[in-house]
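Q: Take a look at this one; I'll ask things after.
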């Protein structure tokens, strides 16, 4: 099992307490987990548990590329969607061998946005004079905070967003075997429930974690009870709980129980809000859906 719960960002987590509540999905960590699973001869299939509203398009593409490499190595990938798997969360899910969503999962939100904060005029009212220093052409100062985009910068930035959106469409079309025109009809940033997404062809089945494990076993031609290992570069909350309980071989049901404990919405709501605000303030292309109130 590989987990992706929280906002998707570039880089690595750097460790930390498994109970610290870091709600980001770090692309380096997830990509490495896929590489480790692809190279491990004992791994026959991968369940990719996604509960994310999205995030950086660059990070999402890195994770998707790693998933495709694992598939190319003969390891089928089944996505199990949690509370939401929208925008970037859907990007990283779109080319799995099979996608299983819960009935109330919020998914889709195939779209992109970007921008910046222009604070110069506001700060000038408090006597603060801001000026941007830059080296290079006109676009090199496009993300300076002193003033807004020039018309030329705005046009170039809009073109960048359009290219990201077109790439998102093409990845969904390829992964779901849908005509690009059909994907554009159901895209435009709109969010769907798991049941609706099944009817639209964005997911394959409606079900939970157990169904995803069964589907992975079926694709890998495995029978009976099989051990389930979480492929993470450092100990996470799942491992911390199972180690504390003295569980050496984590079964699907034990891991699912741990997922329920650490998925308590009351414990995660504030953490999610902080992570979302931080990501939305970045100056890059962002594929991030509105998150549900939990």
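Q: Name the shape class, rounded, prolate or oblate, that the alpha-carbon gyration tensor gives for region 102-169, where a ≥ b ≥ c are the square roots of its eigenvalues, rounded holds for a/c under 1.5, and otherwise prolate holds if a/b is larger than b/c and oblate otherwise. Let's see the in-between values first.
A: Details: a/c = 4.01, a/b = 1.79, b/c = 2.24.
Oblate shape, in that a/c is at least 1.5 and b/c is the bigger or equal ratio.
Q: Further, regarding this structure: Cα-based Rg of region 160-223 per 2.2 N^0.38 Å, rounded to two decimals? Provide the component values of the computation, followed by the final result.
A: Working: Rg = 14.6 Å, N = 64, 2.2 N^0.38 = 10.7 Å.
Here the answer is 1.36, to two decimals.
Q: Sticking with this one: Please work out the ratio of the alpha-carbon Rg of region 25-164 to 2.2 N^0.38 Å and round it to two decimals. The partial results should precede the final answer.
A: On the way: Rg = 20.2 Å, N = 140, 2.2 N^0.38 = 14.4 Å.
Normalised by 2.2 N^0.38 Å, the Cα Rg of region 25-164 equals 1.41.
Q: Cα convex hull of region 1-104: mean projected area in nm², to one decimal? Write out the running numbers ahead of the final one.
A: Working: hull surface 25.0 nm².
Average projection, Cα convex hull of region 1-104: 6.2 nm².
Q: Something else: Percent of alpha carbon pairs in region 122-213 separated by more than 15 Å? Walk me through the numbers on the way to the answer.
A: Details: 3067 of 4186 pairs.
Beyond 15 Å sits 73 percent of the P(r) for region 122-213.
Q: Taking the Cβ-Cβ separation of residue 131 and residue 10 as r and a Förster radius of 25 Å, what is the calculated FRET efficiency to the nearest 0.05? Let's see the in-between values first.
A: Working: r = 29 Å, r/R0 = 1.17.
After rounding, the FRET efficiency stands at 0.30.
Q: Return the ratio Rg/(2.2 N^0.38 Å) for region 90-132, where Rg is computed over Cα atoms only. All intermediate terms of the calculation are to be shown ahead of the outcome.
A: Details: Rg = 21.0 Å, N = 43, 2.2 N^0.38 = 9.2 Å.
Normalised by 2.2 N^0.38 Å, the Cα Rg of region 90-132 equals 2.28.
Q: Ok, one more. Between residue 118 and residue 195, 0.36 nm times their residue separation minus their Cα-Cα distance comes to what? Could the numbers behind the result be given before it?
A: On the way: separation 77, 0.36 × 77 = 27.72 nm, distance 4.08 nm.
Contour length minus the Cα-Cα distance gives 23.6 nm.
Q: Next up: Nearest 0.05, what FRET efficiency do residue 184 and residue 160 give at R0 = 25 Å with Cβ-Cβ as r?
A: Values: r = 19 Å, r/R0 = 0.75.
It comes out at approximately 0.85.
A short reminder: the numbers here are calculations on the coordinates, not readings from a lab. This one's a predicted model, so the numbers in the text were calculated from it and none came from an experiment. Glycine also receives a Cβ, built like all others from the backbone with ideal geometry; neighbour counts cover every protein chain displayed.
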